[in-house]
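Asks: Below is the structure I would like to discuss, written out as structure tokens.
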Amino acid sequence: MRVLVVGGGGREHALCWALKRDAPDAEVFAAPGNPGTAQLGTNLAIPATATTDLVAGAHHHKIDFTVVGPEGPLAAGLADALRSAAMPVFGPNRSAARIESSKAFAKQLMQRAGIPTAASRTFTALEPALAFIGKHAEPLVVKASGLAAGKGAVVCARRAEASRVARAMLADGAFGEAGREIVIEDFLKGEELSVLALTDGERVLLLPAAQDHKRLGEGDTGPNTGGMGAYCPVTIANPGLLERVRRAVLGPVLRELAAQGAPFQGVLYAGLMLAADGTLTVLEFNCRFGDPEAQALLPVLPGLTKHLADIAGGAWRPEETTLRGTRAAVATVLTAAGYPDKPELGGPIIVPRDLEAGTLVFHAGTLRDPDGTLRVHGGRVLTVTGLGDTVAEAARRSSDACELISFQGKTYRRDIGWREIREARAGAARG
Ligand code: AMP
Ligand code: GLY
């Protein structure tokens, strides 16, 4: 089997790693990949956005199926192009990827399908947006409708701040085209959950829920980022809750997409808010694996990539409807100093060879010099996944390894999984 993974982040390294785990004889290609994927297969010097070149590359290398990691290429129509060339691909067509690439579209879809989501309105003109903000309760949330690498949602404590953000997006082009349309919505309180499911558009296979830590600082403080760490399993996401997500969210949204002529095939990611009273609300959808959720989920789901291949090939008949992880996993992202605004690049990285068993290091923003030196090449540099019998044990392993890896300006959160660990301690104390 010859597989192409499109993308070059930690998620794509984890995908390549999982493919080799599940099918050791598989030949893995990554485009463009990174120094981590280079250790598992062949990197092709094709950017993830170069649709035509990717199709030609897949053809040239006789790829049996392609997995598209990031949202950008999906939104640009890479899956459509591969399908048109009769090449199996795991990932939605452009029309279905709009569930992520346009928050305005996702909101409309949810309203039509009766899926619970924060009350919102969409604007392309500044004056009506400011008028709406003027009458809105505080806090409130302003979001760029288009793709913004996880940084386009701004939680505003005050209306004045919301007005500034709306102006920056609509009038000053702060997020480029992505911010020319904005969604303004109610602020929701609760605990966030990432529920991911594999689907061929009809059948749904739920993965264990994960929890992402989007804020830069420990204790969930500071600005939103692409993700500073993730863990699984999440105890509050019990089987009953996951079934509610299937029934009230995933089923209806897949049917609505199909009804609109945009059936979704790939991994559908629901970002949810669970309120203290048990109410479940959708914050967003993504049309791909989360990063860093993938670096926590893939290691504890042996056999997962067979599902990806079968879905891509159109021959998927899963026996189960839910997958359970074999262990707990905590994925901590090591970032460069200055991330997310202005990461400092270029410093050498040392990853010790003898990290403890049960530790996985996935590359993202790294570059290998011709002399073999590994260097910082992006804001999110590495993801370090610790495995364990409990989230606490997995977190300890991840943190220990993060401590041992060195590069100038290394920054990370030492509290990934803190809610779960606190709850487990409280549970143990209650007996
Ligand atoms: P999104 O890109 O829509 O997932 O938003 C990114 C992050 O912003 C989410 O993971 C939440 O932490 C926060 N967020 C987004 N929408 C809301 C909301 N309506 N209420 C509270 N927090 C939100
Ligand atoms: N970790 C959040 C995302 O991938 O969008």
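Asks: I want to check the label-to-label distance for ASP277 and ARG83. Put each point 7 Å from Cα in the C-beta direction and report it in nm to one decimal.
Replies: In this crude spin-label approximation the distance works out to 4.1 nm.
Asks: Further question on the same structure: Just flag the trypsin sites (Lys or Arg not before Pro) in region 1-67 sitting in loop per DSSP whose Cβ has no more than 14 other Cβ atoms within 10 Å.
Replies: LYS62
Asks: Same structure, new question: Among THR373, THR37, THR359, which comes first, then next, by fewest other beta-carbon atoms within 10 Å?
Replies: Ascending number of Cβ neighbours within 10 Å: THR373, THR359, THR37.
Asks: So what's region 41-89 giving for Cα Rg divided by 2.2 N^0.38 Å, two decimals?
Replies: 1.02
Asks: ALA171 versus ASP371, label points 7 Å from Cα toward the beta carbon: distance in nm?
Replies: A separation of 5.2 nm, rounded to one decimal place.
Asks: Then there is this: Does region 253-318 classify as rounded, prolate or oblate by the C-alpha gyration tensor (a ≥ b ≥ c root eigenvalues; a/c under 1.5 gives rounded; else a/b over b/c gives prolate, otherwise oblate)?
Replies: oblate
Asks: Determine the distance separating the Cα centre of region 171-243 from the Cα centre of region 97-147; give it in Å without decimals.
Replies: Centre-to-centre distance over Cα atoms comes out at 16 Å.
Asks: For THR326 and LEU126, compute 0.36 nm times the residue count separating them, minus their Cα-Cα distance, and round to one decimal in nm.
Replies: Value of the extension gain: 67.0 nm.
Asks: Next question. Once the mean 1/r over all distinct Cα pairs of region 342-410 is inverted, what Kirkwood radius in angstroms do you read off?
Replies: One decimal place: 12.6 Å for the Kirkwood radius.
Asks: Between ASP354 and PHE187, what is the label-to-label distance in nm when each label sits 7 Å out along the Cα-to-Cβ direction?
Replies: 5.1
Asks: Kindly count the pairs of lysines across the chain whose alpha carbons are less than 20 Å apart, treating pairs on different chains or eight or more residues apart as eligible.
Replies: The result is 21.
Asks: With the dipole of the chain worked out from charges on the C-beta (+1 for Lys and Arg, -1 for Asp and Glu) around the Cα centre, which of THR411, HIS213, THR51 lies farthest toward the positive end?
Replies: Of the listed residues, the answer is HIS213.
Asks: How big is the Rg/Rh ratio for region 185-246, C-alpha atoms only, Rh by Kirkwood, two decimals?
Replies: A ratio of 1.03.
Asks: Take the alpha carbon gyration tensor of region 296-431, find the square roots of its eigenvalues, order them as a ≥ b ≥ c, and report rounded if a/c is under 1.5; if not, report prolate when a/b exceeds b/c, else oblate.
Replies: oblate
Asks: Right, next: With a Förster radius of 30 Å, plug the Cβ-Cβ distance of LYS306 and ASP389 into 1/(1 + (r/R0)^6) and report the FRET value to the nearest 0.05.
Replies: With R0 = 30 Å, the Cβ-Cβ based efficiency is 0.75.
Asks: Continuing with this model, one more query. Could you pull the Cα extents of region 168-309 along its three principal axes, largest to smallest, in whole Å?
Replies: The Cα atoms of region 168-309 stretch 45, 40, 32 Å along the principal axes, largest first.
Asks: Where the convex hull is taken over the Cα atoms of the chain, what is its projected area averaged over directions, in nm²?
Replies: 20.6
Asks: May I pose another question? Quick one: putting +1 on the C-beta of Lys and Arg, -1 on the C-beta of Asp and Glu, what dipole do you get for the chain around its Cα centre, in Debye to the nearest 20?
Replies: Charge dipole of the chain: 580 debye, to the nearest 20.
Asks: I've got another one for you. Based on the Cβ-Cβ distance of SER406 and MET1, what FRET efficiency does E = 1/(1 + (r/R0)^6) give at R0 = 51 Å, to the nearest 0.05?
Replies: Efficiency, from the Cβ-Cβ distance: 0.85.
Asks: Grab the Cα-Cα distance for GLU138 and HIS60, subtract it from 0.36 nm times how many residues apart they are, and report the gain in nm with one decimal.
Replies: 22.6 nm
Asks: At 0.36 nm per residue, minus the direct Cα-Cα distance, what do ASN238 and ARG203 gain on full extension? Give it in nm, one decimal, please.
Replies: Gain on stretching ASN238 to ARG203: 10.5 nm.
Throughout, read-outs are computed from the coordinates displayed, never taken from laboratory work. Since the structure is predicted, the reported quantities are computational estimates derived from the model, not experimental observations. Note that each Cβ is placed from the backbone with ideal geometry, even for glycine, and that neighbours are counted across all protein chains shown.
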